[in-house]
Structures are given as structure tokens and as C-alpha cells.
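Sharing a structure with you now.
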Amino acid sequence: MEYVVGIGEYIISANQKDVVKTFALSTCVGIVIYDVNKKILAMAHVLLPKSINGKEAYSYNSAKYADTAVFNMVRDMKRKYKCNMYDLKASLFGGIDSEVKDYFKVGEKNLAVIKEILNKMNIRYDSANTGGRISRTLIAYTGTGDIEVKTMAIPNNMK
């Protein structure tokens with residue numbers, strides 16, 4: 001089956017034939033967490049760095065904020081699929097650098113919060129495909145954990 005992860009959402013897939021996608025990551029960050037032994041894949045499309053009071057963690061859009069998304073994904077992987085923390089690896093995508101006067105630095109802050117939480121949880125991660133001035137679309141394969149990244153440059157006149 002094919003699933004699309006919308007902004008502020010996450011999906012966990014345990015079916016080896018599933019394909020999970022998210023589109024047009026710019027300042028948003030795509031997080032893929034994969035259990036290398038059980039072949040369970042979780043993907044989130046994170047919009048903002050921090051929730052105001054943590055109540056959003058229990059709402060439908062539980063991946064809207066970086067500070068709750070990673071926690072919720074890992075919690076559900078452990079509860080529903082009995083994933084072991086030591087078997088989890090994460091990959092981060094997006095979080096572009098803005099060429100405009102971006103006082104909020106959303107992409108940079110999203111990445112910083114996610115990395116901090118992954119470090120606290122002792123989950124190893126790869127963040128080589130972050131930053132820059134390119135939009136990213138992710139296509140992840142549950143059976144292998146492979147992630148295909150399609151890119152599109154952000155025009156310089158988008159200031």
C-alpha cells in the first residue's frame with residue numbers, strides 16, 4: 001500500500017510492501033525512523049520546532065512540532081510493534097536555509113530540536129540531506145528501509 005504523510009502527521013508502517021511518502025520539505029523536516037531488525041518504518045513531516053505547552057502531543061497533529069513528533073513516533077513504535085530502542089536509526093531531511101531575513105530560522109530550529117531529542121533518546125541519526133536551498137520529497141520503502149529523495153531547487157527570487 002502507498003501512504004502519504006501530510007504536514008504535521010506521522011505514519012508507522014509494518015507491512016514490508018508499503019511505500020511511505022511526504023512531499024515538498026523546505027523549512028519543514030522529514031524524519032524517518034527505521035527498526036533495522038523488525039523492518040518497521042515511521043515517517044513524520046514536522047512543521048515547527050516547539051509546541052507551546054505540550055498539549056499538542058495528544059492531538060491529531062501529533063507530529064506538527066519537533067519536540068513532540070519524535071517522542072510520539074518512538075512511543076508508538078515501542079508500544080504497538082515492540083521495537084527495541086537499540087535497533088532504531090533515524091534519517092533527517094529538509095530544514096532548508098532561508099536566504100531572506102528569516103528572524104525565526106524555522107528550518108534550523110526544527111533540526112536542532114529534533115537532533116537534541118534523538119541524542120537524549122540515544123537514537124543514531126543521519127542528517128546529511130538537510131539545509132541548503134532545495135525542496136525535498138521523500139519516498140521510503142518499509143521492506144528495506146531505503147529512502148529515495150527527489151529534489152527541486154528553490155528559486156532565488158523567492159525572497
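The values are calculated or read from the model by the stated rules, or taken from the named source; none is laboratory data. All figures in this text were calculated on a predicted structure; none of them were measured in a lab. Cβ coordinates were reconstructed from backbone atoms using ideal geometry, including for glycine residues, and neighbour counts include every protein chain displayed.
Cβ-Cβ distance below 6 Å, separation of 6 or more or different chains: which pairs start in segment 78-94 with a residue that is basic (Lys, Arg) and end on one that is exposed (fewer than 13 other Cβ atoms within 10 Å of the Cβ) and outside any helix (DSSP H, G or I)?
Close Cβ pairs satisfying both conditions: Lys89/Arg124.
Turning to a different aspect of this structure: Out of curiosity, is Ala63 crowded, with 19+ Cβ neighbours inside 10 Å, in contact with a His (Cβ under 7 Å, 6 or more places away or on another chain) and either modelled with pLDDT under 95 or not hydroxyl-bearing (Ser, Thr, Tyr) (or both)?
So Ala63 passes the test.
Could you list, ordered by first residue, the pairs with Cβ atoms under 7 Å in which the first is in segment 29-51 and without any contact (Cβ under 8 Å) to a residue 24 or more places away in the chain and the second is buried (at least 20 other Cβ atoms within 10 Å of the Cβ) and in a strand (DSSP E or B), at least 6 apart or interchain?
Ser51/Tyr65
Going by what's in this entry, would Lys55 be described as over 22 Å from Arg136 (Cα atoms) and at pLDDT below 90?
Spelling it out, Lys55 is indeed over 22 Å from Arg136 (Cα atoms) and at pLDDT below 90.
How about segment 1-23: which of its residues are of a type in the set (D, E, K, R) and not in a strand (DSSP E or B)?
Passing the criteria: Glu9, Lys17, Asp18.
Taking segment 120-143 on its own, how many of its residues are within 19 Å of Val4 (Cβ to Cβ) and modelled with pLDDT of 95 or more?
8
Quick grid of which residues meet (1) in contact with a strand residue (DSSP E or B) (Cβ under 7 Å, 6 or more places away or on another chain); (2) not in a helix (DSSP H, G or I):
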| site | (1), (2) |
| --- | --- |
| Phe71 | no, no |
| Asp97 | no, yes |
| Asn119 | no, no |
| Tyr125 | yes, yes |
